[in-house]
Amino acid sequence: MIVLRAAMQEALSRRILGIGAAVSVAFVGLFWLGFSTAFSRVAADTSDEFATIAASTVMTVLGLYAVQFLAAFLAILLAAGSIAGELESGRALQVLARPVPRWSWLLQRTAAFGGLSVAYVVLMTIGVLTVAGAVGGYGALSPVRAIGLMSLEVLVLVSIGVALSTRLGTVATGVVVVALYGLAWLAGIMEFVGRTIDNASVERIGVAVSLLMPSDALWRGASFHLQSPAFLLAPDTGVGIPFAAVDPPSGRLIAWALLYAAAMLVFAVRSLRRRDL
C-alpha cells in the first residue's frame, strides 16, 4: 500500500485542502449561528410544534445540501489530477518503472482520494447534524443511510474523474466532470418540475439524464433520510424543501450507482493499460 500512503500524503499536503478545511470550519460555525438564530425566532413566534419541526428540517437539509456541494467539488478537484497530473509531471514513470502494476497504482490512488472525500462527507454531516441536534433537538430519520448515499455520490464523482484523467489533462477533466455534475443537477430540477406540473415527458427526460449521471439522484435519496420523521409523516401542508425527496431511494438506484462507479474504474484501468507513458 505504498502508493496509497503516498497519495494520501500528497493530497493532505495540497494547499487546497488546507483552504477547504478552513472554509468548512467557518461553514459549520456560520450554520450554528444561523440555525440558532432562526430556531430561537421561530420558537418564540409560534407555539405550533410542527412549525418548529418544519423550520428545523428545512434549515438542516439546506445546510447539508451545501455540504454535498462542497464535498462534490472536493472530490472533483482531487480526482481531476489523480492520473493526468502524475503523467504530465513524469512522476508516474518513476513509480511504474518499478514492479508496480498499472492497475494497482491507479486503484490505490483512487482509494486514497475516494477515502478522503468520504471522510469529508462523514465529518461535515456529523458536524451539521450535531449542531442541529444540540440547538433544536433535531433528529434525522436515518443519518447512517444518508451518509452512505452521500459517500456513494462522491465516490461516483471520483471514479468519473479518475476515468477521464487517464485520457484528458487535469483542467479538461475538471471541466468535464463539473459540467456533468451540473447536468445532473439540472436533470433533478427537470424531474421535480415535471412531477409538480404533471408533465410525464419532462419528468422522463430528467430521470434519463439522472441515469447517465446519478450524483443528484443520490443526493435526493440521502435528503429523504436527513429529514425529520415527524416532518415526513405529517399530512401535506404545502411545506416543502427545494432539492429534497419525499420518497426513499430505490434499491435499483443504489445498485446502478455502484455498477456505474465500478464500470468507470474498469474503463480507467483499461485506458491506462493501453496508454503510452
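The values are calculated or read from the model by the stated rules, or taken from the named source; none is laboratory data. Small disclaimer: the values here were computed from a predicted structure and weren't measured. Here the Cβ is made from the backbone with ideal geometry for all residues, glycine too, and neighbour counts use every protein chain on show. Side chains are part of the model used for accessible areas, which takes the heavy atoms of the whole protein and leaves out ligands, DNA and RNA. Shrake-Rupley method; radii C 1.70, N 1.55, O 1.52, S 1.80 Å.
Assorted remarks:
- Of the residues Met213, Met59, the one with the largest accessible area comes first in the ranking Met59, Met213, computed with a 1.4 Å probe on protein heavy atoms.
- Evaluated at q = 0.19 Å⁻¹: base-10 log I(q)/I(0), Debye formula over Cα of region 96-225: -1.11
- Taking all protein chains together and rolling a 1.4 Å probe, Ser40 ends up with roughly 70 Å² accessible.
- For Tyr120, Tyr181, the ranking by accessible surface with the largest value first comes to Tyr120, Tyr181, using a 1.4 Å probe.
- Length added when fully stretched, Leu183-Ala263, from 0.36 nm per residue minus Cα-Cα: 26.8 nm
- Computed with every protein chain present, the accessible area of Val162 is close to 0 Å² [probe 1.4 Å].
- In the context of the full set of protein chains, residues of the chain present 49 Å² of accessible surface per residue (probe radius 1.4 Å, heavy atoms only).
- Given R0 = 41 Å, the distance between the Cβ atoms of Gln94 and Val23 translates into a calculated FRET efficiency of 0.80.
- The chain, accessible surface, carbon-and-sulfur percent (1.4 angstrom probe): 69
- Net length gained if the chain between Ala134 and Arg167 were fully extended (0.36 nm per residue, minus Cα distance): 7.2 nm
- Taking other residues whose beta carbon is less than 15 angstrom from the beta carbon of Leu12, and scoring Lys, Arg as +1 and Asp, Glu as -1, yields +3.
- At least 24 Å along the helix axis (C-alpha) and Kyte average at least 1.0, DSSP helices within the chain: 15-45, 49-80, 102-136, 143-165, 170-196, 251-274
- Cα centre as origin, Lys/Arg/Asp/Glu Cβ charges: region 157-277 dipole, Debye: 700
- Taking 0.36 nm per residue of separation and subtracting the current Cα-Cα distance, fully stretching the chain between Val122 and Asp198 would add 23.7 nm.
- For region 19-170: relative contact order, % (alpha-carbon pairs under 8 angstrom, 6 or more apart): 39
- All-pairs alpha carbon distance profile, the chain, 5 Å steps from 0, percent: 1, 6, 12, 15, 16, 14, 12, 9, 6, 4, 2, 1, 0, 0
- Debye intensity ratio I(q)/I(0), log10, region 168-277, q values 0.15, 0.17, 0.21 Å⁻¹ (C-alpha model): -0.76, -0.92, -1.20
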